[in-house]
Amino acid sequence: MRNLLLFILFLLSGITLANTGYFRYPDLHNDTLVFTAEGDLWLADIKTGQSQRLTTQVAEETQASISQDGKQIAYVANYEGVKEVYVIPLKGGIAKRVSFENAQVRVHGWTQSGEVIYTTTGRVGSPGNWEIATVHPQSLKNKTIPLADAIEASFDETDATVYFTRFGLLLSADNSKVYRGGAMGKLWKYNLGTDKEAQQLVPEHEGSIRKPMSYKDNVYFISDASGADNIWSVSKTTGQTQQLTTYTDWPVRTANMAQ
């Protein structure tokens, strides 16, 4: 069972921290935390505070996500000349390549049935044309979701509905603040296995939306509607939105669901 919420990384440039280090891309499963530091994946026990390095490759490993059963980690690395999705046992072992896109990829988690969720620009079309895909780490069976310009994705608990974002500054890697142009990130919903079009959620929302996270009756996301990136939620049934954090000094850089 998943519990909300997790990790918030702040933009801390210029600030001296008591514990030196540059820690990114955290994900939590029960008491086990995985994150990127010094270009490698590390594991930490949140009860004892003990940590250990999981990978030692020259290539950088990022975007780690622990599987629902807590046995595997999916992540992005460039071991063979291009960034692809890999999985590695949580207890350590040999990494296995599971995507073969030869394009940009981003890991977004796991389905309940044990497939890795990722997005890629590997589809045919204009540059930056992202799509959602899933891959089974054992069989390598790959499925793509018929959605155009889907930058990020989160599946619900039944794997029947995908919540995703279109456009947004992630598309251009732009660091503009409080962007309100035509490329604002928008939140969408799509019911898998149907012939119905995707449905835009909260079209009146004033902020640029990113990082959708489905959990029970709500979809959580990051938005700058308040002037700084904070965590918001929208009810799946009523469409009512709520701001959950109120940071003003530093923006919420990323967030994940703890499992």
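The values are calculated or read from the model by the stated rules, or taken from the named source; none is laboratory data. All values reported here derive from a predicted model rather than from experimental measurement. Backbone-built Cβ (ideal geometry, glycine too); neighbour counts: all protein chains shown.
I'm trying to understand the selection: among the residues of the stretch 215-233, which are crowded, with 24+ Cβ neighbours inside 10 Å and under 19 Å from Asp159 (Cα atoms)?
Those that are crowded, with 24+ Cβ neighbours inside 10 Å and under 19 Å from Asp159 (Cα atoms): Val219, Phe221.
Counting just the residues of the stretch 66-98 that are charged (D, E, K, R) and either without any contact (Cβ under 8 Å) to a residue 12 or more places away in the chain or in a loop (DSSP other than H, G, I, E, B) (or both), which one comes out farthest from Ala44 (Cα to Cα)? Working first, answer last.
Initially, the stretch 66-98 is screened for residues charged (D, E, K, R), giving 69, 71, 80, 83-84, 91, 96-97.
Filter once more, keeping what is either without any contact (Cβ under 8 Å) to a residue 12 or more places away in the chain or in a loop (DSSP other than H, G, I, E, B) (or both): 69, 71, 80, 83, 91.
Numbers: Asp69: 17, Lys71: 15, Glu80: 28, Lys83: 25, Lys91: 12 Å.
Filtering first and then ranking leaves Glu80.
For the stretch 141-155, what are the residues that are modelled with pLDDT under 95 and part of a loop (DSSP other than H, G, I, E, B)?
Across the stretch 141-155, the qualifying residues are Ile145, Pro146, Leu147, Ala148, Asp149.
What is the one condition in (1) over 17 Å from the mean Cα position of the chain (by Cα); (2) part of a loop (DSSP other than H, G, I, E, B); (3) over 22 Å from Ser65 (Cα atoms) that Gln138 does not satisfy?
(3)
When you scan the stretch 229-243, do you find a residue that is among the aliphatic types (A, V, I, L, M), touching a residue at least 40 places away in the same chain (Cβ under 8 Å) and over 27 Å from Ile73 (Cβ atoms), even just one? Show your work before the answer.
Taking the stretch 229-243 and keeping what is among the aliphatic types (A, V, I, L, M), we get 231, 234.
With the extra rule that they be touching a residue at least 40 places away in the same chain (Cβ under 8 Å), the set shrinks to 231, 234.
Checking which are over 27 Å from Ile73 (Cβ atoms) leaves us with 234.
Yes, the stretch 229-243 contains at least one residue that is among the aliphatic types (A, V, I, L, M), touching a residue at least 40 places away in the same chain (Cβ under 8 Å) and over 27 Å from Ile73 (Cβ atoms).
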